[in-house]
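Only one structure is covered here, and it is reproduced in the block below.
The values are calculated or read from the model by the stated rules, or taken from the named source; none is laboratory data. Bear in mind that the values here come from a model prediction, so they are computed numbers and not experimental data. Backbone-built Cβ (ideal geometry, glycine too); neighbour counts: all protein chains shown. Areas reflect the complete protein model, heavy atoms only, side chains present, ligands, DNA and RNA absent. Shrake-Rupley method; radii C 1.70, N 1.55, O 1.52, S 1.80 Å.
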Amino acid sequence: MLFHIIFGFILPWILGAYLVKNQTKLFIIFYPVGVATSILINEIGFNYFWKMDIVFQESSLTAIPYDVGLYPILGCLFICVIHYKKMSILITLLVFTLVTTFGEYILMFLEKLVYRNEWNIIWTGVSYLLAYSIYYVYYKLVRKFILFK
């Protein structure tokens, strides 16, 4: 579990601290959406499609470091890149999806994550594409109704 705490929570929060300090408004608005999206996808996934090397009686507990660390912080970084137009939206979406999918592939290679019930790395990429798409749709709603009237 120490591996998952370090790579899923502690290391991402180094970037998270930077985002909180320098992009406070974006972070406060988008971090909760990232947590909610991560919990939703991981709850479905841990019950049906994958498991980690550490399994608790309640299987989704294993994902907590990722649900409050890596995934919502990557979502906030994704929004910052889009908001400040560092890359086009499509390129940003593809880069974040591919990099996150590759990170999960490494977890599989290290045997920290096991797919089951015909789940594979392609479906993983689709799930990350869905998650980043949710962030983007929410970003568009925030821009329209809240952040930049």
For this session: For Val33, state whether it is in contact with a helix residue (DSSP H, G or I) (Cβ under 8 Å, 6 or more places away or on another chain), free of Cβ contacts under 8 Å to residues at least 12 places away in the same chain and either at negative phi or part of a helix (DSSP H, G or I) (or both).
Result: no
Seminar exercise, completed: Given the conditions (1) in a helix (DSSP H, G or I); (2) more than 21 Å from Phe3 (Cα to Cα); (3) modelled with pLDDT of 90 or more; (4) of a type outside the set (Asp, Glu), every one holds for Asn117 apart from (1)
For this session: Would you tally the residues in the range 14-33 being among the hydrophobic types (A, V, I, L, M, F, W, C) and open to solvent by 70 Å² or more (accessible area, probe 1.4 Å)?
Result: 2
Problem set entry | Filter result for Ile10 (under 20 Å from Glu104 (Cβ atoms), open to solvent by 40 Å² or more (accessible area, probe 1.4 Å), modelled with pLDDT of 90 or more and in a helix (DSSP H, G or I)) | yes
For this session: Select from the range 41-52 the residues that are of a type in the set (A, V, I, L, M), closer than 18 Å to Ala131 by Cα and surrounded by 14 or more Cβ atoms within 10 Å (Cβ to Cβ) and list them in ascending order.
Result: Ile41
For this session: Report yes if some residue within the range 54-69 is assigned to a loop (DSSP other than H, G, I, E, B) and surrounded by 14 or more Cβ atoms within 10 Å (Cβ to Cβ); otherwise report no.
Result: no
Seminar exercise, completed: Selection over the range 107-147 where residues are surrounded by 12 or more Cβ atoms within 10 Å (Cβ to Cβ) and within 16 Å of Met52 (Cα to Cα) yields a count of 9
Exercise. Looking at this structure, is Lys85 free of Cβ contacts under 8 Å to residues at least 40 places away in the same chain, over 21 Å from Phe102 (Cβ atoms), open to solvent by 20 Å² or more (accessible area, probe 1.4 Å) and in a loop (DSSP other than H, G, I, E, B)?
Worked result: yes
Exercise. Within the range 120-130, is there a residue that is without any contact (Cβ under 8 Å) to a residue 24 or more places away in the chain, assigned to a helix (DSSP H, G or I), in contact with a Phe, Trp or Tyr (Cβ under 7 Å, 6 or more places away or on another chain) and of a type in the set (A, V, I, L, M, F, W, C)?
Worked result: yes
For this session: Within the range 97-114, track down each residue that is in a loop (DSSP other than H, G, I, E, B) and among the acidic types (Asp, Glu).
Result: Glu111
Exercise. Which of the residues belonging to the range 92-106 are open to solvent by 70 Å² or more (accessible area, probe 1.4 Å) and not β-branched (Val, Ile, Thr)?
Worked result: Leu94, Leu98, Phe102, Tyr105
